[in-house]
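Here the structure is laid out as C-alpha cells; the discussion comes afterwards.
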C-alpha cells in the first residue's frame, strides 16, 4: 500500500479495502488473548485455517485471530458472524465440524455453546450471555473487529478517521476542550482529569514536548492494558497522535513492561505499519503535523509504573522516582513538558473526538465518566476482562457478570486497585464504581484489577502478601517506604504467625498514616492502603490471630492444623502415598490420620484427595 | 540571572533566590528544619524525609520535603505544626530503630521529639542517607560509589565491588557519614540492641522542648551556623 | 560469535546513553546474563559512567548478573494466583529443590523465580517451566513437573 498523503487518500483506501471484502460471507473471530493462548488457541487457528482451505472456503470466510474477548474462564472462545454465534472451550479437534456444519450448513453445534449455569439452557449468541449482556463494551468489543497485526482491519473498522477529522478541522485548544468536557479521567489508577493534564502541557513553554503511553501495568491480577495494547494497538496509537497534536508534541513513546513480549511485538508491528502508510512521520496525511512513536521495554520493575520512574527508565537510568513538586506535564522526560497517560486512557480518545464529549459524558456517574475495563479474577465463577459504565455497583460486577462465588464458598471481600488499593467487604458491594466513592471507602478503582476473595482467604495474609510485594518492588530511596513498609511487614508477620500483641494494631495504623503522608512517591504513599483497609473492615480477623491464636480462614501455617474428615475418608491411601514427609498413616480402606508433628502443611494431600476429606482449621 | 522571590516561612517573610531550596533558605534565617541526608548547596534528594514541611497552596496544605522544594514567589511554608512534628517524630523513630549505634542519629531523633522506640532495635551499619554518594557524584564527579540494588537490598557499593580509579581517596565520604561522626564509645553488641546512654546522648533524658535547638553533635560536624 | 553479537548490539547506539536499557535487554537475551565485561563495554561505548551501568543492571529484575540454571521454573505470584494458592507452589518448588527464589541449585539444573503477574489470571495458579505455561497448578502437579524436568536432564547428562 502506498504512502497516504491526504485525507482523501485515506478515505479512498478505506473504501477500496471495504470493496475487497465484499465477497466475505462469514467472519470467524478467535480469541488470542493471554488466557486463551495458554489453552492453545494458536493450534485452533491453524486447524481452522487448514479446514477452511480444504473445504474451498478461503475466499468467502475471513479467519481472524484477535485480542482478548474477555470471557477468559470459558476459553478458547470464538465468535462467528453473521449470527453472533458464540462457541467456548473450543479445541482444534472441533475445526472440521465448525467449518462443515456451522459455516457451510449454518447449523449450530450444541456442545460448543455456552450453558447458563442458572437455567441450564444453552445460549446461542454472545449478546445474550449474561456475562456479556450486563457489560457495556466500548473498548473491548473493538478487539473482535481487528487482527492486531493488520492495519487494514483497523481501517475497515473505521480507524484513523478520528485523527483525520481532528487534523482537518480542530485546533489543539478545541481538542483539549472536548476531552475536558468529556470528563475523561486517567485510567491507570490516578484518576487525574486528562483534559487538565493536557492543558498544562499545552501551556508550558517550549517546543520540545513528549507524549508517553504507560503500558507498564504492574498491578498483579490486572491485565486490561495488555488486552487493549495486544488486541488493538492502533487505537492506542491514534489516541496518542490526537494527544500529541493537542499539546504540541513531536515524539511519543510506548513503555511496555518486559513481561508482555506479545504486546511489545504487536506495538512494534503497528508502528511500522503506520509509518509505512505515512500515518506516523512527517506531515501526516498532508497536514502540518509531524509525529513518531518508539516502543520501549521495561526492565521488570513495578515502580516504573510511576511517572517519574518511567521517564527515568526511558532516559536509560535507574527507575527511581523523584519529587513531583513541579508536575511532569511541565517538567517530565528530559525535563520537557510531557503528557503521560495510561493505555486505556489513550484508547478512549478517538471515540471521544468522533462521537463528541456529550456521548462520553452520558455514561457513568457525575464524577466519573465513560466506561472502565476491569480484570475480574480470584474466587469467582466468571474470571476475565469486563467493561462496564462507571457508576455500576460492585454487586452487578461480582454477581451478575461474575456469576458469584466459585466452589460454593461465600464471597467475603473484593480487592480493588492492586497494591495501592484496598479490600472492601460484602456489605459495601452496593458502592458504585466511581473514583471518589471508592477512595472515600478506603480503596480505589486503581487500574481496574478486582480480585474476589472468599472465606478461605485470610485478610491478614492478604495484607502480608501486598506488603511483601511492595517491599520487593520498592526502589529503596526514601526512609518511610523502605523501612516503614519493612516494619509494617514485621508486625503483620508477627500477627500472622501468632506472635501479635494488641497494641500493635494501633501502631500499624499510626505508622501507615505516617508513610502515607511522607513517602516520596505514589508507591510508598499508597503502600499502607491494603493494611489500613483490612484493619478497617476486618479487624476481627486480626484480633482472632492475636487474642485467640487462630486463623479463621485456615491459611496462616503456624496457626492451622491439617486433619482428615472421618465422614469423608474412605481409606484409598492417595494422601499417604503423596505425602513427602511421611506424616500420614492408615490401613487400606481404614480412616487415615495425619501426624501433626510431621505435617509441613505443604498442601499436596489436599490437592490430591478426590473426596475433599482433608480439613484445614 | 539571579531572581529574588519572597516566601513566607512560619510567618517570617524571607527573600530567596527563585528555585533555591526552602531548607537552605530557612537555615540562613535561623529556622532549623531537622534534616539528615541533605548537604548544603548540593541538590536535595529527599531520601530521609525528615525535613518535611507543610506547603500551603490553594487552601490545602501539602506535605513535602523542604530540601527538594524550590522557592517560588508567594509560597507559604509551615515547618513546625503539630502534624509535621508528629510525622517527623515517627520517621525519626523508625530511623533510630534501624541504627541506634550512632550519636548523630540519636541526636536527630532527640531533635525530632522521639521519646520511646516501639520497634525492636536493629543494628545497621549504614542508614542509606546517601551523603557519601552525593559528595562523590555531585561535588567530585568521581562516581566511585553509588546506590546498588532495590528496596531492602539497596546498599552503597563500588562498581562490581571493585574500587575504581576515579576514587582519589579523598575520604570525604567517611567524614560526612552520620555513622562515623563522633562515633560512640563502643559499638552495641549483637543481642543487646538498646539505647545504652554511654555516649551521653540526650535521647535518654530530653525534655519535650518543641522545635528548639539541642546543640546536636550532628550540627557541629555539618557546619551548622550555630557553631559559628 | 560473542564478539560479533556485541557489535550488533552496539550498532546505532554508540554515545547514546538513553539506549542503555534496550542494550542491556539485548545482552541478556543473547548471553543469558550481564557479565562484568559487558558492563564495561557498554559503559565505554554508550558513554555512560561505569557506576551508572552497574546500577541499572542491578536495579531491574530482567537483568541477571549471574547465569541462570538450565531449567527456569517461574511461579506467578500475582494476587489472583495468590488467592488460588500460589504461595504453596513457591514453597513446594523451593523446598523440593532446596534453593531460595532467584538462586541456582548446586547442580546448576534449576532456578526458581517468582514473577508478579503474567496476565493469565483466569488460568491461575500459573507456573512457567522454561517457555511453557502450565495452568491450574497444584503442589502435587508441580512436584511431578519438577521431577520430570530433573530426570530428563540427568539422563542427558549421563549420555554426554
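At a glance:
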| quantity | calculated |
| --- | --- |
| Cα-only radius of gyration and Dmax that characterise the stretch C:71-159, units Å | 12.6, 43 |
| Angle in degrees between helix A:41-54 and the longest Cα principal axis of chain A, rounded to the nearest 10 | 50 |
| Principal semi-axes in Å for the stretch A:459-548 [√(5λ), Cα gyration tensor, largest first] | 22, 12, 11 |
| For residues of A:572-579, the mean tally of beta carbons on other chains within 10 Å | 1 |
| Debye intensity ratio I(q)/I(0), log10, the stretch A:371-454, q values 0.11, 0.12, 0.20, 0.26 Å⁻¹ (C-alpha model) | -0.22, -0.27, -0.79, -1.43 |
| The protein assembly as shown - mean residue ellipticity at 222 nm from DSSP helices (-39,500 (n - 2.57) per run, n ≥ 4, rounded to 500) | -10000 deg cm²/dmol |
| Shielding by partners - mean other protein chain Cβ count within 10 Å, residues of A:466-477 | 5 |
| Radius of gyration and Dmax over the Cα atoms of the stretch A:154-361, both given in Å | 15.6, 45 |
| Relative contact order %, chain A, counting alpha carbon pairs below 8 Å whose residues are six or more apart | 12 |
| Separation in nanometres of the label points that stand 7 Å from Cα toward Cβ, at residue A:168 and residue B:3 | 4.4 |
| Peptide ranges A:115-126, A:185-196 listed from the most packed, as the mean C-beta count within 10 angstrom indicates | A:185-196, A:115-126 |
| Spatial separation of Cα centroids for the stretch A:288-323 and the stretch B:1-22, in angstrom | 33 |
| Paired Rg and Dmax values of the stretch B:73-147, which use every Cα atom, in angstrom | 15.8, 45 |
| Computed lengthening from residue A:582 to residue A:84, 0.36 nm per intervening residue step minus Cα-Cα distance | 173.8 nm |
| Per-residue Cβ neighbour rank within 10 angstrom, fewest leading, A:428, A:412 | A:428, A:412 |
| Descending semi-axes in whole angstrom, ellipsoid equivalent of the protein assembly as shown, from the Cα gyration tensor | 47, 38, 28 |
| Label point distance in nm, residue C:100-residue A:362, each placed 7 Å from Cα along Cα→Cβ | 6.0 |
| Stokes-Einstein diffusion coefficient of the stretch A:561-616, Kirkwood radius over Cα pairs, 25 °C, 0.890 mPa s, in µm²/s | 228 |
| Ordering of A:20-27, A:321-328 by burial proxy (mean other Cβ atoms within 10 Å per residue, highest first) | A:321-328, A:20-27 |
| Ellipsoid equivalent to the stretch C:10-160 - semi-axes via the Cα gyration tensor, in Å | 33, 19, 12 |
| Cα centroid separation - the stretch B:78-120 against the stretch A:530-562, whole Å | 31 |
| Ordering of C:39-52, A:557-570 by packing [mean C-beta count within 10 Å, highest first] | C:39-52, A:557-570 |
| For the stretch A:113-135 versus the stretch C:84-150, the gap between their alpha-carbon centres in whole angstrom | 35 |
| Value of D in µm² per second that Stokes-Einstein yields for the stretch A:24-133, Kirkwood Rh from Cα pairs, at 20 °C (1.002 mPa s) | 155 |
| Rounded tilt (10° steps) of C:50-59 against the dominant C-alpha axis of chain C | 20 |
| Extension gain, residue A:149 back to residue A:208 (0.36 nm per residue minus Cα-Cα distance, nm) | 18.1 nm |
| Cβ neighbours within 10 Å from other chains - mean over A:251-259 | 2 |
| For the stretch B:62-110, radius of gyration divided by Kirkwood radius, i.e. Rg to Rh on alpha-carbons | 1.08 |
| Nearest 10 degrees, 0 to 90: helix A:539-548 Cα axis against chain A principal axis | 30 |
| The stretch C:6-59 - Rg over Rh from alpha carbon coordinates, Kirkwood radius | 0.90 |
| For A:589, B:18, C:141, order by how many other beta-carbon atoms lie within 10 Å, fewest first | A:589, B:18, C:141 |
| Approximate spin-label separation residue C:29-residue A:11, in nm, with each point projected 7 Å along Cα-to-Cβ | 4.2 |
| Computed E for residue A:288/residue B:167 - FRET, C-beta separation, R0 51 angstrom, nearest 0.05 | 0.45 |
| Cβ-based exposure ranking for B:98, C:129, A:11, in which fewest neighbours within 10 Å come first | A:11, C:129, B:98 |
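Throughout, read-outs are computed from the coordinates displayed, never taken from laboratory work. Since we're looking at a predicted model, the values are computed, not measured. So basically every Cβ, Gly included, is an ideal-geometry build from the backbone, and we count neighbours across all protein chains shown.
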